[in-house]
1. Check off (1) exposed (fewer than 14 other Cβ atoms within 10 Å of the Cβ); (2) within 20 Å of the chain's Cα centre (by Cα) for residue 138 and give me the number that stays unchecked.
2. Look at the stretch 126-150 and say how many of its residues are within 18 Å of residue 44 (Cβ to Cβ) and either assigned to a strand (DSSP E or B) or not charged (D, E, K, R) (or both).
3. Please tell me if residue 50 is surrounded by 22 or more Cβ atoms within 10 Å (Cβ to Cβ) and near the ligand (Cβ under 9 Å from one of its atoms).
4. Just to verify a result, which residue in the stretch 39-53, among those that are modelled with pLDDT of 95 or more and touching a helix residue (DSSP H, G or I) at 6+ places or on another chain (Cβ under 8 Å), is nearest to residue 142 (Cα to Cα)?
5. I'd like the residue in the stretch 1-45 that is among the hydroxyl-bearing types (Ser, Thr, Tyr) and surrounded by fewer than 19 Cβ atoms within 10 Å (Cβ to Cβ) and, out of all such residues, is nearest to residue 148 (Cα to Cα).
6. Restricting attention to the stretch 207-219, does a residue exist that is out of contact with any Pro (no Cβ under 9 Å at 6 or more places or on another chain) and surrounded by fewer than 12 Cβ atoms within 10 Å (Cβ to Cβ)?
7. In the stretch 237-277, how many residues are part of a strand (DSSP E or B) and buried (at least 21 other Cβ atoms within 10 Å of the Cβ)?
8. Give the residue that is farthest from the ligand (Cβ to nearest atom), with candidates limited to residues of the stretch 141-188 that are of a type in the set (Asp, Glu) and over 20 Å from the mean Cα position of the chain (by Cα).
Amino acid sequence: MKIKKNEPLSKYTTFKMGGIAKKMYFPESIEELMTLADKYNHILNYAIGGGSNLLINDKQCFDEVLCLKDFNKRLEHFGNGTYYIGASVRLQTFIKSINNDGYGGIEYLFSVPGLVGGAVYMNAGRGKKHNKCISDYIQSVDVLIDGKIKTFLKKDCEFSYRTSKFQSLPKCIITGALFKFPAMSKEKTAAEIQARIDLCRRVQDMSAPNYGTVFCESNKYIMTLVQKFHLGYKNGCNFSRKTKNWMLHEENGTFEQAVNLLNKVKRWHKIFHLKCKAEVRIWE
Ligand SMILES: Cc1cc2nc3c(=O)[nH]c(=O)nc-3n(C[C@H](O)[C@H](O)[C@H](O)COP(=O)(O)OP(=O)(O)OC[C@H]3O[C@@H](n4cnc5c(N)ncnc54)[C@H](O)[C@@H]3O)c2cc1C
């Protein structure tokens with residue numbers, strides 16, 4: 001297993017921000033992951049998948065961090081659209097593979113730069129009004145918890161908008177999941193992917209590093225004001241003018257700025273007794 005010392009975590013997040021990992025571990029199998037978890041149980045609190053939904057303190061030094069990108073790349077089709085997908089598989093690889101076999105349903109996730117484990121943990125999906133998420137096709141999820149792999153049936157995973165039971169279970173790692181997809185023609189899935197790419201190019205601000213949507217629960221009028229006034233720090237962290245509810249990390253951005261902005265928007269919601277919940281996971 002690869003172990004890197006004094007590794008900058010900014011390299012592993014799409015927001016390009018983060019302090020140092022004194023030791024960063026890259027397990028290459030479930031067995032290696034289990035051995036690590038036995039040795040350093042607390043390491044499971046600091047696990048990075050694709051790093052596309054993480055805001056990490058740039059002033060912090062983390063003793064042990066786990067990178068999940070290599071430990072389970074299993075991608076197996078049992079027939080009839082039933083697949084076992086390992087947590088380290090990239091969403092794009094997963095989608096291309098099922099489409100190739102004539103199955104589909106999650107092409108809208110083609111634009112999501114995450115891994116399957118992170119997507120299941122976050123229950124990644126389309127915006128709220130579309131009511132579509134990765135858990136629509138999940139049958140069960142395998143999780144490393146208390147030193148053993150446990151299988152959770154979908155009904156026990158408590159999936160909801162951008163949440164899953166796994167977010168409330170400390171020290172658990174999703175190792176893979178069983179999915180069942182409907183048959184879909186290659187023409188249809190290719191068209192859906194193209195439509196997704198075109199939409200993202202049009203609406204998503206990729207002018208600077210970001211972590212996708214900032215709040216999974218917020219008020220659209222407040223978020224319109226935040227966008228209109230381009231709330232934030234010049235050449236630092238600021239809310240995008242192009243995309244509502246979207247934060248950019250320009251060259252002089254800091255964790256403190258990002259957290260200040262999150263707290264400011266939360267306070268505005270609180271004044272009007274409105275709900276506001278950050279989607280991004282924060283390592284203080
Ligand atoms: C440009 C862009 C577009 C995006 N578009 C969307 C979108 O359309 N829909 C959407 O839902 N999200 C979107 N996101 C957010 C993000 O990509 C998703 O939440 C994604 O599912 C996170 O996966 P990840 O592997 O990157 O997780 P990470 O960011 O690495 O981790 C997120 C959280 O999951 C935990 N975690 C990761 N892997 C595991 C595992 N195997 N077991 C247990 N815990 C784990 C981490 O510890 C962390 O708490 C977007 C982000 C970006 C940057």
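The values are calculated or read from the model by the stated rules, or taken from the named source; none is laboratory data. Please read all numbers here as calculations on a predicted model, not as lab measurements. Note: ideal-geometry Cβ built from the backbone for every residue, glycine included; neighbour counts use all protein chains shown.
1. Only one criterion is unmet by residue 138, namely (1).
2. At the first step, the residues of the stretch 126-150 found to be within 18 Å of residue 44 (Cβ to Cβ) are 141-150.
With the extra rule that they be either assigned to a strand (DSSP E or B) or not charged (D, E, K, R) (or both), the set shrinks to 141-145, 147-150.
The total comes to 9.
3. In short, yes.
4. Within the stretch 39-53, the match that is nearest to residue 142 (Cα to Cα) is 49.
5. Initial filter on the stretch 1-45 (among the hydroxyl-bearing types (Ser, Thr, Tyr)): 10, 12-14, 25, 29, 35, 40.
If we keep only those that are surrounded by fewer than 19 Cβ atoms within 10 Å (Cβ to Cβ) as well, we get 10, 14, 29, 35, 40.
Values: 10: 31, 14: 31, 29: 14, 35: 11, 40: 15 Å.
Among residues in the stretch 1-45 that are among the hydroxyl-bearing types (Ser, Thr, Tyr) and surrounded by fewer than 19 Cβ atoms within 10 Å (Cβ to Cβ), the one nearest to residue 148 (Cα to Cα) is 35.
6. The initial filter retains those residues of the stretch 207-219 that are out of contact with any Pro (no Cβ under 9 Å at 6 or more places or on another chain), namely 207-211, 213-219.
If we keep only those that are surrounded by fewer than 12 Cβ atoms within 10 Å (Cβ to Cβ) as well, we get none.
No, the stretch 207-219 contains no residue that is out of contact with any Pro (no Cβ under 9 Å at 6 or more places or on another chain) and surrounded by fewer than 12 Cβ atoms within 10 Å (Cβ to Cβ).
7. Quick first cut of the stretch 237-277, residues part of a strand (DSSP E or B) only: 237-239, 246-249, 277.
With the extra rule that they be buried (at least 21 other Cβ atoms within 10 Å of the Cβ), the set shrinks to 237-239, 246-249.
Number of matching residues: 7.
8. Going residue by residue through the stretch 141-188, those that are of a type in the set (Asp, Glu) are 142, 146, 156, 158, 187.
Then keep just the ones that are over 20 Å from the mean Cα position of the chain (by Cα); that gives 146, 156, 187.
Details: 146: 14, 156: 16, 187: 23 Å.
Within the stretch 141-188, the match that is farthest from the ligand (Cβ to nearest atom) is 187.
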